[in-house]
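Let me begin by presenting the structure, written as structure tokens, before commenting on it.
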Amino acid sequence: MSDETPKPDELFGKIDYRTPAKGWMDTPVNIRKGMYCYASNPKSVKNLGLPNARAWNPLEDDWKLPENWQQILHEGFKERLDKFRSIKIFMDICVRCGACADKCHFFIGTGDPKNMPVLRAELLRSIYRNDFTPTGKIFGRLAGARPMTLEVLKEWWYYLFQCSECRRCSVYCPYGIDTAEITIFGRELLNLIGLNIDWIATPVSNCYNTGNHLGIQPHAFKDMLNFFVEDIEEITGIHVEPQYNKKGADILFITPSGDVFADPGTYTCMGYMLLFHYLKEKYGLDVTWSTYASEGGNFGFFTSHETMKRLNAKMYNEARRLGVKWILGGECGHMWRVISQYMDTMNGPADFLETPVNPITGTRFENAASTKMVHIAEFTADLIRHGKLELDPGRNDNKIISFHDSCNPSRGMGMFDEPRYVIKNVANNFYDMPANTIREQTFCCGSGSGLNAGEDMELRMAGGLPRANAVKHVHETYGVNMLACVCAIDRAALPTSMEYWVPDVDVTGVHELVANALILPGEQDRTTDLRGEPLPGMEDADEG
Amino acid sequence: MNKYYMSSLLAVFALAAVAYFGSMGLPWLFGILLPYAAVVVFVLGFARKVMGWARSPVPFRITTTSGQQQSLPWIQQARIDNPSSTVGVIVRMALEVLTFRSLFRNTRMKLHDGGKFSYNLEIFLWVGALAFHYAFLTTLVRHTRFFFEPTPLCIQFLENADSFFRFEIIYDFIQFGLPGIYVSGLVLFAAAVYLFLRRLFVSNVRYISLASDYFPLFLIIGIAFTGILMRYFTKVDITAIKELTMGLITLKALTFQVPEGISALFYIHLFFVSVLLVYFPFSKLMHMGGVFLSPTRNMTGNTRQVRHTNPWNPPVKVHTYEAYEDEYREKMIEAGLPVEKMPEPKVEKPTEEEKKE
């Protein structure tokens with residue numbers, strides 16, 4: 001965290017919910033350090049063949065826009081109104097009742113009125129009315145219309161990258177207006193004139209070339225997993241042998257590359273490896289990883305529908321090439337939103353795959369009958385339910401756990417009970433956070449939708465406040481010291497946010513907990529968990 | 001002082017003045033032509049807007065899944081909040097349209113001393129909205145009595161139910177009574193006033209409100225107010241009004257003969273209604289149609305189970321496996337990763353030294 005990021009109490013003190021005296025149309029945007037992400041590297045934009053690649057700086061007056069930028073935006077707007085009924089309706093029917101206003105974590109954490117979902121959408125609606133509606137054309141501002149100017153454009157850019165597309169506001173909207181869709185649409189327009197952010201554009205470019213956001217080349221991917229193989233052997237005495245690009249395997253496994261790269265996601269990754277090893281030894285399950293489809297996440301989703309499709313195509317292509325029966329997906333948030341609500345439509349039908357059946361339990365995953373892709377929490381819950389895993393939940397006894405529902409598996413899928421079932425079976429101490437902060441009402445980690453960069457730390461910490469505040473509550477009430485989640489961005493973002501707001505709470509993936517509890521055939525006496533920290537009761541055990 | 005609500009308020013007063021003075025000279029305009037025109041604009045405008053929405057496709061099924069998905073058989077699905085069947089969607093939509101279910105979830109965020117947030121149920125907006133809409137509906141249905149002769153029984157039942165509350169003093173000396181009080185009219189008025197005051201006094205809501213939020217509210221308050229005035233406080237010639245309305249519905253009014261004795265207050269009332277009808281299709285009031293078409297609510301959430309098709313789904317440029325392997329083949333072979341194509345054995349070119357030999 002940079003020194004410039006305000007301290008927690010300073011940031012808390014800054015929150016001011018009083019509305020400015022001046023109306024929002026008269027309040028010009030103030031692009032502030034710590035609240036925005038750097039502009040994209042033109043090389044990345046060029047590599048993807050996206051329009052208007054150039055070096056530019058959000059803090060400078062001149063954004064080096066193409067000369068006809070207004071026309072590009074207008075035509076882009078029109079084209080998308082004809083392509084998306086949702087956008088057309090969302091532009092027309094908001095009554096500004098204000099139900100969404102205090103639902104946004106960025107509003108709660110900053111008090112900036114333009115972070116109220118309704119106003120974020122009004123930034124675009126005001127242009128829509130001006131350009132496309134008779135009342136807007138006749139009555140102008142009285143009808144809430146205003147022309148597109150450079151000031152407005154900067155406002156769009158600033159606030160569309162202060163929305164993490166978490167959809168919490170959409171739950172409360174009486175018309176189901178989905179700000180995430182509006183943000184996605186707005187960012188797609190900005191992409192047309194090259195106003196991307198680098199934290200998104202460069203991972204997308206990497207992913208396009210190497211198959212994953214981090215730009216890990218195939219041999220290096222294998223090397224990285226081999227490190228985990230060594231760690232696992234040290235901790236458990238078991239030598240696991242992950243398979244790569246194996247033709248004819250039963251199942252292709254895809255997870256976000258973040259889990260290969262950084263703690264604590266790496267422990268979750270080790271968790272998958274141990275689980276697959278266990279299932280192979282006991283039941284002969286044949287799972288393969290892929291270096292080509294080595295990314296579950298999809299930052300293309302934060303760029304444009306087209307870019308999302310280009311990156312996502314690798315999943316089905318690789319499954320077809322390898323001739324697997326179905327695909328298993330790791331713990332990731334937006335990855336699952338793409339899989340759940342876009343993949344089959346964009347890149348399907350996946351008729352070369354079979355309706356997923358768990359060969360160990362015989363369970364047919366009817367809910368994945370068409371995409372042919374199962375979430376690992378569903379898969380593991382099914383295994384546990386059928387008593388196929390030998391577990392010692394006591395090994396997680398030093399962890400008092402709460403579960404953070406990630407935005408996308410919650411409001412873009414509805415996966416709530418599966419991960420909770422898994423956690424409750426692999427650990428003994430579980431406490432949910434207050435009801436209005438979990439499940440479909442869950443709060444974003446504050447860093448979703450490609451905003452988990454370093455330079456926007458103040459924004460991320462402010463956005464992470466509501467989640468952290470609820471964690472603090474269970475930390476103080478039940479002594480919760482471990483926050484479980486099923487999202488790689490959470491695993492990257494929440495540790496920072498916890499360190500900032502609730503320093504005694506650590507973050508874990510669900511499958512790290514599973515692997516801690518999993519009793520492997522032939523394992524040595526385990527004295528530590530996957531992190532190398534002593535298991536409960538082993539605090540005094542010899543280190544070797 | 002907020003220019004948005006002041007301008008709306010002034011606009012409504014101006015409309016009242018227009019109707020008041022206009023109806024003196026041109027009763028046929030305000031009593032017959034404008035109402036007809038308003039109905040035509042409303043019907044055509046409404047249809048045009050809805051058809052405009054319907055013309056745009058729904059490329060993806062992006063429902064808001066507000067409950068447990070259908071998953072393993074032993075996990076209880078939220079069949080309404082995350083429906084996977086048409087029945088579930090119909091129930092979800094019915095609850096949205098008839099009971100404003102999503103709005104009922106509304107919470108209010110509060111930051112307490114000591115730095116804790118709470119998010120408690122906030123039902124006043126829901127209550128106000130529900131009261132407003134149902135009172136409006138009842139009033140509307142009740143008014144169909146003006147277009148039937150004799151008044152149908154069902155309307156009479158509704159009126160009786162609506163006016164269960166009566167205020168009468170019957171003494172030997174004083175006999176005083178108001179006509180049966182229609183609860184709907186009063187609730188409509190009160191709810192609209194509440195919604196206005198909410199916009200005025202809740203600072204967030206005031207900040208987001210536009211003139212186009214205040215204007216329809218004032219117009220509806222005006223409609224309710226003139227209606228209440230006519231019913232309880234000033235005498236209007238109800239027979240003449242019914243003659244006019246029957247003429248309108250039977251198209252006999254096309255002779256543009258307006259019955260005598262209709263008061264200006266009635267013309268203001270009718271003009272407000274006409275303006276509301278004309279304004280409707282061009283405004284946020286179209287949420288009435290939009291709520292049925294909202295793609296996040298009116299589709300099933302089982303997107304992994306049933307494929308949704310996108311009518312425009314253009315092919316995109318993909319980095320194929322073949323291209324990927326071409327790029328990394330040697331590194332892959334070296335790392336022991338399987339490849340599709342082994343590289344052609346290199347034809348070793350003789351080095352300079354070898355050539356010499």
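The values are calculated or read from the model by the stated rules, or taken from the named source; none is laboratory data. It should be emphasised that the depicted structure is a prediction, and the values quoted were computed from it without experimental measurement. Cβ atoms come from the backbone with ideal geometry, glycine included; neighbour counts cover every protein chain shown. Accessible surface is based on the protein model in full, side chains and every heavy atom, while ligands, DNA and RNA are left aside. Shrake-Rupley method; radii C 1.70, N 1.55, O 1.52, S 1.80 Å.
Some observations on this one:
- Flag for residue B:297 being at the interface with chain A (Cβ under 9 Å from one of its Cβ atoms), out of contact with any Gly (no Cβ under 6 Å at 6 or more places or on another chain) and of a type in the set (D, E, K, R): no
- Selected residue (criterion: most open to solvent (accessible area, probe 1.4 Å)) from residues of region B:241-266 that are more than 18 Å from residue B:145 (Cα to Cα) and of a type in the set (Ser, Thr, Tyr): B:255
- Given (1) of a type in the set (Ser, Thr, Tyr); (2) over 15 Å from residue A:486 (Cβ atoms); (3) more than 10 Å from chain B (Cβ to nearest Cβ), index of the condition residue A:402 fails: (2)
- Residue in region B:67-76 that is farther than 30 Å from residue A:104 by Cβ, within 9 Å of chain A (Cβ to nearest Cβ), in contact with a helix residue (DSSP H, G or I) (Cβ under 9 Å, 6 or more places away or on another chain) and among the aromatic types (Phe, Trp, Tyr) present: yes
- Scanning region B:206-240 for residues that are within 14 Å of chain A (Cβ to nearest Cβ), open to solvent by less than 50 Å² (accessible area, probe 1.4 Å) and either assigned to a helix (DSSP H, G or I) or in contact with a Pro (Cβ under 8 Å, 6 or more places away or on another chain) (or both) returns B:207, B:208, B:211, B:212, B:213, B:214, B:215, B:216, B:217, B:218, B:220.
- Residue ID - farthest from residue A:384 (Cα to Cα), chosen from residues in region A:312-327 that are open to solvent by less than 10 Å² (accessible area, probe 1.4 Å) and touching a helix residue (DSSP H, G or I) at 6+ places or on another chain (Cβ under 6 Å): A:313
- Within the option set A:470, A:462, being free of Cβ contacts under 8 Å to residues at least 40 places away in the same chain, under 26 Å from residue A:107 (Cβ atoms) and open to solvent by less than 20 Å² (accessible area, probe 1.4 Å) holds for one residue only, A:470.
- Test: residue in region A:279-302 that is aliphatic (A, V, I, L, M) and in a helix (DSSP H, G or I): yes
- Residue A:232 vs. criteria more than 10 Å from chain B (Cβ to nearest Cβ), β-branched (Val, Ile, Thr) and closer than 30 Å to residue A:273 by Cβ: yes
- Extreme residue, surrounded by the most Cβ atoms within 10 Å (Cβ to Cβ), among residues of region A:360-419 that are over 15 Å from residue A:334 (Cα atoms), among the acidic types (Asp, Glu) and touching a helix residue (DSSP H, G or I) at 6+ places or on another chain (Cβ under 7 Å): A:378
- Residue, surrounded by the fewest Cβ atoms within 10 Å (Cβ to Cβ), within region B:14-48, restricted to residues that are within 13 Å of residue B:278 (Cβ to Cβ) and not hydrophobic (A, V, I, L, M, F, W, C): B:36
- Search result, residues across region A:39-93 that are aliphatic (A, V, I, L, M), within 14 Å of another protein chain (Cβ to nearest Cβ) and not in a helix (DSSP H, G or I): A:48, A:50
- Listing of helices (runs of 4 or more DSSP H) fully contained in region A:363-476 that carry 1 or more residues being within 30 Å of residue A:39 (Cβ to Cβ), in the same structural domain as residue A:328 (by TED's automatic domain parsing) and touching a His at 6+ places or on another chain (Cβ under 9 Å): A:407-411
- The residue list A:68, A:47 contains one member that is over 30 Å from residue B:298 (Cα atoms), in contact with a helix residue (DSSP H, G or I) (Cβ under 9 Å, 6 or more places away or on another chain) and not basic (Lys, Arg), which is A:47.
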